[in-house]
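Visitor: One structure coming up, written as structure tokens, with questions to follow.
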């Protein structure tokens, strides 16, 4: 996928200019990371053809979708895009099955069955969206996006409205879908652990420009460290015990306790994302 | 965590493990890491790194004689002592820097560690982690 676009957006607070240059191998999962208002969603809309760049070039899966120098600009319906939004955007009057089938270019019953099975919604096929949980709704939205047989999957903060457990389940689902379809996938995310879990490459965007790019561990671990055992996690609690502190960190589903020095916990608070690292010499391996 | 700046002086590697000597602000230190110059680009002679070690890995010796396998032996002066029921935290002065050590309060009492004592801080090479200096 190659994207090199410029777009000036006029807003109430002045002009916002998007100047993005992203190039990545096809069939990989990348994350666009950045604060709100940095231009992440605008970029997804430009890829989908919902917004026309002033100039530039968009190529997906070897096909040119936009090239201002050659006056090429495929309309959204000609771009094979699967788009999933944070708020699911399902049709309320249609059943699960109808919502998914709506995404298809032509009727394909066996593919529909396959998709229902892939996202484990066979049992709920006749339900209307309002009877579903957030996680189930997002699985319908994913299946509908896949129903188009897209060349690229665009996920705009797809899991941010969901609770931790559901989010984790859907992350597994997304990984499964990626293994199955090998689609080029662009995820917009705020969630640090999600970026680590799902994506191979991260582009950090600020004020419409890419300010950093690299593998998640290169982007988020500022200093390289020779420790071989490294996990990313979230601080659950920090307790003082006489001379030392005990920091509880949630890593995946496990709570790990780490002894820390008073100076180490300075500025550290509950909810912070951290790296827990130790040397390869320290851990024991016990067969279970 | 103790974090001391230094420069790599010497590297000796097997297939995947390296022993490094680092000139630091508190003297020469040794580290063993499961990395080589090939797997970690910053492991090169002359590169600036941080030497990291947990305070709990710093042992203390007083009036030591005989031989010890620990390669990192740093002469220090006890600057501060904070005793808990189980653990005692020491702040040690070494040249212009300080390092911290956490030992059992039982040991601190048996050794009669006092502020102003001359002690040796011991750290095993495998407990030392190296961190690339991001600005160098």
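The values are calculated or read from the model by the stated rules, or taken from the named source; none is laboratory data. Quantities reported herein were computed from a predicted structural model and do not represent experimental measurements. All Cβ positions, glycine included, derive from the backbone under ideal geometry; neighbour counts span all protein chains shown.
Visitor: For segment B:25-43, which positions are assigned to a loop (DSSP other than H, G, I, E, B), away from chain A (no Cβ under 13 Å) and either touching a helix residue (DSSP H, G or I) at 6+ places or on another chain (Cβ under 8 Å) or surrounded by 15 or more Cβ atoms within 10 Å (Cβ to Cβ) (or both)?
Guide: B:26
Visitor: Here's something else I'd like to know. So which residues in segment A:243-257 are within 14 Å of chain B (Cβ to nearest Cβ) and in contact with a helix residue (DSSP H, G or I) (Cβ under 9 Å, 6 or more places away or on another chain), if there are any at all? Please lay out each step first, then the result.
Guide: Applying the first criterion (within 14 Å of chain B (Cβ to nearest Cβ)) to segment A:243-257 yields A:243-247, A:257.
Residues satisfying the conditions are A:243, A:244, A:245, A:247.
Visitor: Another question about this same structure. Search segment A:117-129 for residues that are touching a residue at least 40 places away in the same chain (Cβ under 8 Å) and pair each with any residue that is in a loop (DSSP other than H, G, I, E, B) and surrounded by fewer than 16 Cβ atoms within 10 Å (Cβ to Cβ) when their beta-carbon atoms are under 6 Å apart and the residues are at least 6 apart or on different chains.
Guide: Close Cβ pairs (under 6 Å, with a partner that is in a loop (DSSP other than H, G, I, E, B) and surrounded by fewer than 16 Cβ atoms within 10 Å (Cβ to Cβ)) amount to A:129/A:92.
Visitor: Quick test of your reading of the structure: residue A:196 fulfils all but one of (1) under 26 Å from residue B:132 (Cβ atoms); (2) away from chain B (no Cβ under 14 Å); (3) assigned to a strand (DSSP E or B). Name the failing condition by number.
Guide: Status for residue A:196: all satisfied but (3).
Visitor: Quickly run through segment B:49-67 and pick out the residues that are loosely packed, with under 15 Cβ neighbours inside 10 Å, touching a strand residue (DSSP E or B) at 6+ places or on another chain (Cβ under 7 Å) and either at pLDDT below 90 or within 14 Å of another protein chain (Cβ to nearest Cβ) (or both).
Guide: Across segment B:49-67, the qualifying residue is only B:64.
Visitor: Also, I was wondering about something else. How many residues does segment B:98-130 hold that are facing chain A (nearest Cβ under 8 Å) and farther than 18 Å from residue B:56 by Cβ?
Guide: Of the residues in that region, 1 qualify.
Visitor: Also: Give me the residue from segment A:268-287 that is surrounded by fewer than 13 Cβ atoms within 10 Å (Cβ to Cβ) and closer than 27 Å to residue A:167 by Cβ and, out of that set, modelled with the lowest pLDDT.
Guide: In this case the residue turns out to be A:271.
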